[in-house]
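The values are calculated or read from the model by the stated rules, or taken from the named source; none is laboratory data. Given the structure is predicted, the values throughout are model-derived calculations rather than measurements. Don't worry about glycine lacking a Cβ; one is built from the backbone with ideal geometry, like all the others, and counts go over all protein chains shown.
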Amino acid sequence: MNWLKLYMAARDATDVTAGYYNRNAGVATAGGKVNVRIPLAAADTMDVRLWREEDVLAAVRPYVDYAPELRYASQSPRFQVQSFIEGRLLDGFAPRGSAVPSHVLGDVVTVMNQLTAIPQAKTPPLPRDWPLSGDSAGFGRRLAELTRRIHADHLAEYGEVFDAFGVPADPLGPVGERWETLTPRPFAVLHADLHRKNMIVSAGAVWFLDWELALWGDPAYEMAIHLHKMDYPEPQRDALLRLWSRTLPQESTQGWQPDVQLYLRHERIKSAVVDTIRYSKQLAAADATPAFRDFLVTRLANKLNAALRVWGKSPDMTPQRVRLGLRAWLPHPGR
């Protein structure tokens with residue numbers, strides 16, 4: 001297999017999908033279609049990054065039934081070749097906020113359970129200063145540290161916007177030192193990005209994509225960030241939590257109720273800060289259509305309202321107020 005030729009074909013492809021950190025191109029080969037993932041060089045780091053994705057895939061593959069197979073990884077130039085999963089993106093037929101097919105709940109819990117079975121000895125190496133297994137408080141502080149730094153680093157450029165959006169001077173005030181209240185739980189591998197655009201339904205099963213944000217951490221965080229990004233209707237959210245709490249090892253879910261809520265409050269705060277920055281850049285893109293800008297503005301208003309509730313403020317953010325706050329990034333004021 002000429003891997004460099006595959007990379008060049010993917011680099012020049014126009015039929016691609018992209019997230020915040022990678023672009024993906026399906027490339028046909030004699031042995032079948034593959035997915036070539038190329039990191040986006042200009043991507044801002046807005047999430048805790050622990051491991052290289054290719055190392056994660058190698059670690060989880062023996063334990064997880066529905067994860068892509070790593071075929072090849074190159075360091076220079078940076079790219080991966082993964083198996084191509086044929087199917088329907090969950091977001092394409094069950095967008096955020098809507099109900100998902102019932103089997104999706106079971107598949108999500110299954111992959112979370114499978115991840116708890118991976119011993120630390122089988123994971124990629126951890127940084128020396130990474131919290132030890134069971135140090136849920138240290139893990140929570142690690143998450144909050146990045147959120148605080150992102151806010152501080154962008155304050156000069158976005159300070160007026162944050163003010164207009166009701167972001168407090170100390171956005172993390174509501175979580176503050178409450179990390180010390182977290183129940184110690186043994187750490188597990190976490191996908192940490194299980195949302196509808198990373199889930200492909202194929203032959204009645206869910207495949208889980210995009211493992212670049214995987215962490216070694218508290219299983220309660222996996223559930224919290226999943227709930228935040230999926231925005232399930234309440235009945236499905238409750239059904240998922242019941243299934244999860246009785247399926248995972250007891251030590252992985254003990255004391256979960258207040259802790260999932262604490263992690264959720266952090267994620268809603270982080271989303272308000274990070275997505276204000278990310279969406280402003282997307283709104284300014286020359287190829288952004290009016291319909292896409294309207295979608296972003298409405299989505300950001302919803303995210304800000306979720307955070308305003310955490311801050312004890314009235315969730316009264318409207319799309320018009322978002323447009324006014326981000327008018328410097330909009331090509332036509334008031335659009």
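Only one of A164, A156, A203, A169 is more than 25 Å from V322 (Cβ to Cβ) and hydrophobic (A, V, I, L, M, F, W, C); which? Within the list A164, A156, A203, A169, the selection yields A203. Evaluation of Y7 against the conditions (1) touching a strand residue (DSSP E or B) at 6+ places or on another chain (Cβ under 6 Å); (2) more than 21 Å from L213 (Cα to Cα); (3) exposed (fewer than 15 other Cβ atoms within 10 Å of the Cβ) shows that the sole unmet condition is (3).
Screening Y279 with (1) in a helix (DSSP H, G or I); (2) of a type in the set (S, T, Y); (3) surrounded by fewer than 19 Cβ atoms within 10 Å (Cβ to Cβ) gives one miss only, at (3).
Scanning the stretch 312-335 for residues being surrounded by fewer than 20 Cβ atoms within 10 Å (Cβ to Cβ), at pLDDT 95 or above and in a loop (DSSP other than H, G, I, E, B) gives a total of 6.
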